[in-house]
1. Among C:L281, C:L249, which is touching a strand residue (DSSP E or B) at 6+ places or on another chain (Cβ under 6 Å), surrounded by fewer than 24 Cβ atoms within 10 Å (Cβ to Cβ), more than 10 Å from chain A (Cβ to nearest Cβ) and assigned to a helix (DSSP H, G or I)?
2. Go through the range B:204-222 and count every residue that is within 12 Å of the chain's Cα centre (by Cα) and away from chain A (no Cβ under 14 Å).
3. Looking at (1) closer than 19 Å to B:A101 by Cβ; (2) in contact (Cβ under 8 Å) with a residue 60 or more places away in the chain; (3) within 11 Å of chain C (Cβ to nearest Cβ), can you tell me which one A:T224 breaks?
4. Take the range A:76-86 and flag every residue that is assigned to a loop (DSSP other than H, G, I, E, B) and open to solvent by less than 50 Å² (accessible area, probe 1.4 Å).
5. Only one of these is open to solvent by 60 Å² or more (accessible area, probe 1.4 Å) and of a type in the set (K, R): B:R548, B:R525, B:R481. Name it.
6. Taking interchain pairs and intrachain pairs at least six residues apart, which have beta carbon atoms under 6 angstrom, with the first residue in the range B:350-365 and within 13 Å of B:A227 (Cα to Cα) and the second open to solvent by 10 Å² or more (accessible area, probe 1.4 Å) and at pLDDT 95 or above?
7. Kindly indicate which of A:E250, A:E226 is assigned to a helix (DSSP H, G or I), more than 21 Å from the chain's Cα centre (by Cα) and not aliphatic (A, V, I, L, M).
8. Condition first: at pLDDT below 95, more than 29 Å from B:S382 (Cα to Cα) and of a type outside the set (D, E). Can you find one or more residues in the range B:466-489 that meet it?
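The values are calculated or read from the model by the stated rules, or taken from the named source; none is laboratory data. Not measured: the values here are computed from a predicted model. FYI the Cβ positions are ideal-geometry reconstructions off the backbone, even for glycines, and counts take in every protein chain you see. Surface accessibility is based on the protein's heavy atoms, side chains included, excluding ligands, DNA and RNA. Shrake-Rupley method; radii C 1.70, N 1.55, O 1.52, S 1.80 Å.
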Amino acid sequence: MASEVTFRVQRFDPKTDREPRFKEYRVRNEPGMTVLDGLLQIKAETDPTLSFRRSCRSGICGSCAVRINGSSRPCCNAQINDNIVGGRLLVEPLANFDIIKDLVVNLDAFWGKIRQVHPWNESGEFRHTGKALMEVTADDLSEIRKTEGCIFCASCHSDCEALRSNRDFVGPAAIVRAYRFMHDPRDRLGNKRLDELKARTGIGVWLCAICGNCGESCPKLIPTNECIASFKNSWFSENKAPDGLKTTAENLEKMGRVYELDEFALRMREKLGLPPLTPNNAPKLEPILKKKGVAK
Amino acid sequence: MTVFTHDVVIVGAGLAGMRAAIEASRQGADVAIVSKLHPVRSHSVAAQGGINAVINPEDTIKDHEFDTVKGSDYLGDQDRIEVLIAEAPMNIYELEHMGAAFSMVGEGEALAQRHFEGRLGTIDQRPFGGQNFPRTCFIQDRTGQALLHTMYENLLRQGVMVYEEYYTTRLVVKDGVVGGVVALDQRTGELHLFRAKAVLLATGGYGRVFSVTSNAMDVTGDGMAMAFREGVPLEDMEFVQFHPTGLYPTGILVTEGARGEGAYIVNGKGERFMSRYAAGKMELAPRDVVARAIQTEIEEGRGVKGRPYVDLDLRHLGCAKIQERLPQIRELGINFAAVDCLTQPLPIRPTAHYSMGGVPTDVNGASTLKGLFAAGECSCISVHGANRLGGNSLLETVVFGRRAGMAAAAFVKGTALPEVPAGVLETEKKRIGALLDARGPESVPRIREELQTVMFDKVGIYRTEGPMKEALAKARELKKRYKDIHLSGGSLVFNTELIEALELQSLLEVAEVIALCAINRTESRGSHFRRDFPKRDDQNWLKHTLARRKGDDIVLDYKPVAITKYPPQERKY
Amino acid sequence: MKRYALFTGCTVPAQMQNYEVSALKVAGKLGIELVYPEGFTCCGFPYEAKDTFKQKTISIRNLAVAEEAGLEVVTLCSTCGSTLSKANHLFRTDRKYRGKLGDALGEIGMEYRGTTRIRHFTRMLYEDVGVERIRSLVVRPFKGVKLAADYGCHYVKPAAVFDGFDDYRRPHTLDDLIEATGASSVDFKDKMACCGAALLAVDEKTSVNMTKYKLDNIRASGAEGMVTQCPFCGIMYDVYQNTIGEYNLPVLYLPQLLGVAFGIDPKELGFKINQVKATNLLKKVGA
């Protein structure tokens, strides 16, 4: 049941091109073929000059992430048949990176951000003892398991809306890595990792626009948004949140709503014949918000 | 063109390379890693099942030794196996101290029942093929990934210099002493000389010699070929492990852990046929035994739906166990074969998986060439003999990676920086330039594919002299045809066409050695199974093969096996 | 007559009454009753930065209010919809969380059984009314008018909490409803780009850059107007538009568009509140 499908692939040769260009290739498509299989076929049979990274082809090394029809993911486990839009398949390099050649991007910025968070277990000198350091509950371990599956494919970085407008953002992958170590009972760096992350990146973590793309693009289903929020919570509890967000939270505490139903708003509502609303909802939320401490 | 100088240059950044780098650096040496991939992309990442060690008081060192010796079909050097097994436990704890979060006893149940209280304090172990005790430590079903990441993180912590995406094109040797390597920075297309007092090869195996393999596309035997070209021998190259459970059709790995957790292998007639091959161990017999059983079923027409595969059935394990213990396998089946193992069996067939052979070294990773060390899959110590046990390769990388790193650091102390041949960089630049300008009629992908197909078909799981000789002739013919290849030229920046052409040189070099060694060994042992010589022959063949390049020829030599405690017996499961 | 609890959230009743009033008018036209149960507060989203657990408790409290009233929730704001749905999803699927959230609610004398359904107003239109019925009610077709659909991130993300509704990578439901009015919904680069509203209180420059990115892409597509369904997006694209550049791109809430198409007088649809005037666009269809 072989059929043909068109791959529209972004090309860029730094020596000859000023701008990326697109080239279309016909690919023999058999059921079960992945997008990587398609690229390999192009390289072997049609155009050996096409460059892309690939290695394990089993979804674990993280090399081969590209944008398929605008969304980033490793292409070795993307079925061609699931990704044909309008009769063709668009393959572009990861976004938010500089292109080296064709689908190969410069990931230095990505690795740099990972390194910023001290991505290792700071448990002192490792020794040859006859004992595991770790004494954990399944609860602790489940936090590690939730995040340690990251394969550094950089899909989240590529799909990040905030990074597109501000490359200073520390990015989801580094935050996820920090989370993994912050929840490791063996780690001794603890809050220092957070503080340094903050110091090194300015408003780094706060630049998340909460668009939710990283969570969707993660091939390992890591709850990236949850990790990012957990860091925000920590800093917030130390009174290190940006003023704007503090005000927003205070408004919620004061009024049970973020924007005041002021005179103007109330008049406008009346004029438009909209139902009256309770201006102050704070008493409803007070019992929830007054509780001390950040719950997990 | 720059000249970099370090005490120790390590080629390859998988588990062995990074472990060696960390150790050498800890010992005070100036270490750099030169790797064609970013470290976390290295193929160690794909190891799924686990890492063996005796850490349960009910287990014994002797049992692990014996299982390994027996698994090796008595070809493993027992003095080295003793080192591997003795140092295994401390290396597990070391990995744990480094940050690896091993699966713990009770974790699975706790997570399944969402019961989170209570401390867990013991590393869990699962049963693995060919072993009499559940001694394989694991991290869910992505042990290699977790360990590789842990190692990379410790490499960062240690501050080791990494030249990533640098393809090493040759070893630099003068007067029988290694003085460094030449490597191509793929990003800029520039060629650089790395001078060093010691070079440590940790380049992994050569799975890509075969058309069906579990190995990554980068596993092309570069290190072995590089050393071989400089006159370093290769040991036991006829021993190629075929993993029984490669996913059909791609050959990517379905972990032995699946069988460890209780999966069945079933043929087209619905039979759990392992009862006919290894009634005692069934699916958990050693890899070579299971791989041959599956291949026999397929060749005798008992594949599923008449196709070249059998079924790996996990359904009876139940959703909870699969989802908790083997989530990656499920993901793999869905994404790569469109099969959900909760409801359907996975189609599998044997796949080329591991190289027992490699650059011969002593127990500290030193090769026969002064200044050259090797560790991991590209080395042959030999602890795996004719067949490696599952869970012993990750172990080998850390035990001998550490030892080699330590030995290399000791070696460079008091050693002067060796001379390098004059103009080596220019010569290499010319060679690469000529390759880039090659405009012959032959295609790199075609030569590669022809090589892989003939090697899988004729020097694969079952071997016979006639077909193997055809394969050898073919490999030699392809080597000639390679001289007339065609490249597109253009810029050297991330020119993966050029890299693939260089890798093909390695594949051709290694394939010829494999075929020749396999033809010469007229017995069956471990993974090397001769239809024309189906019995093991200790009288004549209880010895290691050594292949060495002499000009255009390859000469074979043999050396004895070290036997300390376990005299050879028949290998039965 | 179908009844839903209208969850207005914070932005809409205080600043985007045009969205609210047009939704009520369109609902009326379709025979749908939107009721305002006593007890709804903010959805909890603004507390994400401070305390995600309390944030979820606030969400669940709102769902308990709706459960008590026996009504399904319809939100105008995509972010309210996503925030409530996330909390609901967690409550339903995570036993550990369910227990903790249940306890927190119990402490304030409330109970939630997990039965409340939450949908965005657009989704409710798409699923319960249907594109065909909406098409059949159009008396002022937007024929030949090119409009750009702005979904807003939280209309479809996180995908896991929307039980398979629409395709978060390439959603089509808003486009379908826009095209039901006779307009053509144009394609443009990075259609699902984020407006950046969540960063307004953190880093205005980055936030506005994000808004600009999308406005530029829409301008390049030749669209004559933008149709949104999220008040946060509305603030960025409409209220902030003139500070970013001269786009002159009217931004309509979906119910405003539908209302005009249904023949409702634009005056009743709150167009006065729209910062970028839609006069020319409305003229085109004779409104």
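1. When all the criteria are applied, what remains is C:L281.
2. Within the range B:204-222, residues that are within 12 Å of the chain's Cα centre (by Cα) and away from chain A (no Cβ under 14 Å) number 2.
3. (1)
4. Result: A:A78, A:N83.
5. Result: B:R548 is the single residue among B:R548, B:R525, B:R481 that is open to solvent by 60 Å² or more (accessible area, probe 1.4 Å) and of a type in the set (K, R).
6. From the range B:350-365, the pairs are B:V359/B:S367; B:T361/B:S367.
7. A:E250
8. Looking for residues that are at pLDDT below 95, more than 29 Å from B:S382 (Cα to Cα) and of a type outside the set (D, E), one finds at least one in the range B:466-489, hence yes.
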